Amino acid sequence: MNKIAQIFQSLEYGPAPELPDQANAWLDSHGRKFGHFIDGKWTKPGKTFASENPANGEKLADITEGTAEDVNAAVKAARAAFKPWSALSGYERGKYLYAIARAIQKHSRLFAVLETMDNGKPIRESRDVDIPLVARHFYHHAGWAQHLSREFPDAVPYGVCGQIIPWNFPLLMLAWKIAPALAAGNTVILKPAEFTSLTALLFAEICDRAGLPKGVVNIVTGQGETGQAIVSHEGIDKIAFTGSTEVGKAIRAATAGTGKGLSLELGGKSPYIVFEDADIDSAIEGLVDAIWFNQGQVCCAGSRLLVQESIETRFIAKLKTRMASLRVGDPLDKSIDIGALVAPVQVERIRDLMKRGVAEGALVYEADGPVPANGCFLKPALVTNVSPANTLVAEEIFGPVLVAMSFRTPEEAVALANNTKYGLAATIWSENINLALDIAPKIKAGVVWINGTNNFDAAVGFGGYKESGFGREGGREGMSAYLKPAWEKELKLAPAAKAAPAKAENPLDSGHLDQTAKMYIGGKQSRPDSAYNRPVLDPKGQTIGEVGEGNRKDVRNAVEAARAALGWSTTAAHTRAQILYFLAENLDYRRDEFAARIKAQTGEDGTAEVALSVERLFAFAGWADKYDGAVHNPPLRAVAAAMVEPLGVMGIVAPPSRPLLGSIALIAPALAMGNTVVLVPSSQSPLSITDLYQVIETSDVPNGVVNIVTGDSVSLAKTLAEHDGVDAMWFAGSAEASAMVEKASITNLKQTWTSRGLYYDLADRRFEGDYFLSKATQVKNVWIPYGA
Ligand code: NDP
């Protein structure tokens, strides 16, 4: 039999190697030794480390370890470039982004081969997924640059952005960071990951050739310490990070109180849910993409298979058959499915996790089939017989390891899917559209794919819930992550707050209202757990009432009540609007009483403040059913519904001034968007809010939606920020306490807004719209197959 006839018989794949010659020639043209790209020039290589091809261990090049001085030089260059770059018209900036997009397309094969050699991913993926998505990102953002002033009229760029990226999608993560930053008018210092710096260095060359002004893009290579030098540099205005949750938390702690912008795209343990009515063959193919794409080194990898019990046996058997046909081998071979992991240390890490999982009872299945003897290769693995507590179920493995569990009912699927500290992505397979669209909103994740998986597009935001981070990359949300309100720089310091006396100095004066107001938790008035009260004084220092001294236990009860009331988040927006209107109406009905209470506490006429508070409730009642999402049209057979969702339970600590409006201006947007709230009113003048619960009770606000804990703002803020049941924190107070809140929030990576000691004039109508609405919400993109 001749060779072709034999192949027809056996249906074996032959090798289809991609030549590395051009990539090698490019490396040779740099003498295989690289400095940084700073201020449009290559620096002389300093102390270097080796970058190796993980498929064969061969050294590709020596890369310079970035020092603090290198970071300084890059910041200086980026700072100098910022003014002229941000002053260019959007059209001019757009033309540069377009030129970069075109150059990437023209050199796409070189980029793809270099990426595969450096990272170990199959050439099919770098050629057909990574690099086309990179080009698409720059095209898309060329458009944003041009339309910026129309679409974001009151926004300005941050300035100099420090961007730190991981090794799993080296050039794609670079594009996700650099394209929106430049479109918005920022300049950047980007640090690629130690293992995969090469395509970022080739990109620097492309920027040079595209004539990008010097200093706009600076590439500083190095390891974790170089990243730390970027994070802590005072000349950097915003940090954007993608990587592990552990390092993300360290960066949150390091930037607390600095006022730096921050977006974090962190780890995941994404569920892949298959219902019994799914198209099983499609779901199996989807699963191959979900967990074995890029050897499973994908933050949103569908690494937890949840399959309905009735089809479990059949599904797992089919999956094992499919696994047997996955080919592990040389990443430059176009006919392999699974390439090399990025580095020996990752292989070891995965093996260690597997050992732990097996010791805890997991069973591991690997198909027969060859694996190259040398290089960082692992077989695809399927793990069964696990409980939710097994290490392999709970931890992000970041490798080709799928963990399978089963469920019986849709409710159980949702409970298992959400039983994780992460919330990056989820996949749902069902032929029943009602079921799929019922489950999608119940999953706590930033991206949900229905009957598909791992779809990405520049027009569709990507990012996580919970400990998967905050901020979005891509689309409108991604653009706003690189912009801030123009008026922020005009904010003045808030006047220093008067220290509250530790105990009453005067007996109650019979000329004032005498009241010991209780807290309000779960729809009931409640006494402070501490059984201590604190006095409320008028401007002359006379005691006019007392409120409870809230403590940790009161906060715990309030958070529990707020969590139990989260049904508010799925209450129809129209209903939430009606309730806020009703609240406004009932407050207006008692306006004289509330105005008198403000006067008693502050000495100032409270009439205007009450009127503004009523107006603010009206404003956000009006927003409840209008601040909504979009339907994106990515270049795939799908639409992505960008759903605006609440954050969950919000801890809100009101400013000391404006006893009524200070709280209303903050809780109204939170409530309008479906959050429940634990509110700490002004420490000095809390009586306006303890009066408010009577209005709340008469306005159909469900129990637990608003909870009021009185006491010392700073210590209550700390307790709230540390509480894992609180999803987001807003704090108006001193710079020092704001830093404390931001640092304490790292336990579950809460989204925070703090006033940092600045005076936010909440009476200003700029706070009547999307400033707080955007901070009270997060966008979930639900990808739905659609059209021909
Ligand atoms: P890291 O989070 O450590 O690295 C991401 C980037 O941050 C790299 O550029 C790294 O530099 C840099 N970095 C490391 N430490 C610091 C620091 N203290 N301050 C600032 N920057 C820092 O991920 P690893 O590469 O170490 O991977 C470890 C694990 O993290 C993986 O096994 C995986 O589980 C997870 N991971 C998750 C990713 C995701 O997208 N969800 C992406 C990458 C990893 P350098 O690499 O040069 O040291």
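Things worth noting here:
- Per the conditions (1) surrounded by 24 or more Cβ atoms within 10 Å (Cβ to Cβ); (2) hydrophobic (A, V, I, L, M, F, W, C); (3) more than 27 Å from THR516 (Cβ to Cβ), the sole criterion not satisfied by TRP753 is (1).
- SER310 meets the conditions (1) away from the ligand (no atom under 16 Å from the Cβ); (2) over 30 Å from ALA735 (Cβ atoms); (3) within 29 Å of the chain's Cα centre (by Cα) in every case but one. The failed one is (3).
- Selection count, region 136-159, where residues are hydrophobic (A, V, I, L, M, F, W, C), surrounded by fewer than 21 Cβ atoms within 10 Å (Cβ to Cβ) and either within 16 Å of the ligand (Cβ to nearest atom) or outside any loop (DSSP other than H, G, I, E, B) (or both): 2
- Considering each residue of region 412-429 in turn, none proves to be closer than 30 Å to ARG252 by Cα, within 15 Å of the ligand (Cβ to nearest atom), polar (S, T, N, Q) and without any contact (Cβ under 8 Å) to a residue 60 or more places away in the chain.
- Check on GLY469, touching a Leu at 6+ places or on another chain (Cβ under 9 Å) and at positive phi: yes
- Taking helices (runs of 4 or more DSSP H) as the structural unit, those lying wholly within region 209-294 and holding at least 2 residues that are within 17 Å of the chain's Cα centre (by Cα), within 10 Å of the ligand (Cβ to nearest atom) and within 18 Å of GLN751 (Cα to Cα) correspond to 245-255.
Residue-wise test of (1) among the acidic types (Asp, Glu); (2) under 27 Å from the mean Cα position of the chain (by Cα); (3) in the same structural domain as TYR771 (by TED's automatic domain parsing).
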| residue | (1), (2), (3) |
| --- | --- |
| ARG552 | no, no, yes |
| SER569 | no, yes, yes |
| HIS574 | no, no, yes |
| LEU587 | no, no, yes |
| ARG590 | no, no, yes |
| GLU593 | yes, no, yes |
| PHE620 | no, yes, yes |
| ALA630 | no, yes, yes |
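- Residue that is modelled with the lowest pLDDT [pool: residues in region 462-481 that are assigned to a loop (DSSP other than H, G, I, E, B) and closer than 15 Å to MET173 by Cβ]: GLY471
- Restricting PHE594, PHE620 to residues that are under 30 Å from GLN542 (Cβ atoms), in a helix (DSSP H, G or I) and aromatic (Phe, Trp, Tyr) narrows the list to PHE594.
- Looking only at region 160-207, residues that are within 16 Å of the ligand (Cβ to nearest atom) and in a loop (DSSP other than H, G, I, E, B) come to 11 in all.
- Matching residues, region 758-778, being in a strand (DSSP E or B) and surrounded by 22 or more Cβ atoms within 10 Å (Cβ to Cβ): THR777, GLN778
Yes or no, residue by residue, for (1) outside any loop (DSSP other than H, G, I, E, B); (2) farther than 22 Å from LEU762 by Cβ:
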| position | (1), (2) |
| --- | --- |
| GLY550 | no, yes |
| ARG556 | yes, yes |
| ARG576 | yes, no |
| ALA584 | yes, no |
| ALA600 | yes, no |
| VAL610 | yes, no |
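- Among the residues making up region 701-718, a single one is within 26 Å of the chain's Cα centre (by Cα) and surrounded by fewer than 24 Cβ atoms within 10 Å (Cβ to Cβ): LYS718.
The values are calculated or read from the model by the stated rules, or taken from the named source; none is laboratory data. What you see is a predicted model, and the numbers here were worked out from it, not measured in a lab. Heads up, the Cβs are rebuilt from the backbone with ideal geometry, glycines too, and the neighbour counts pull from every protein chain shown.
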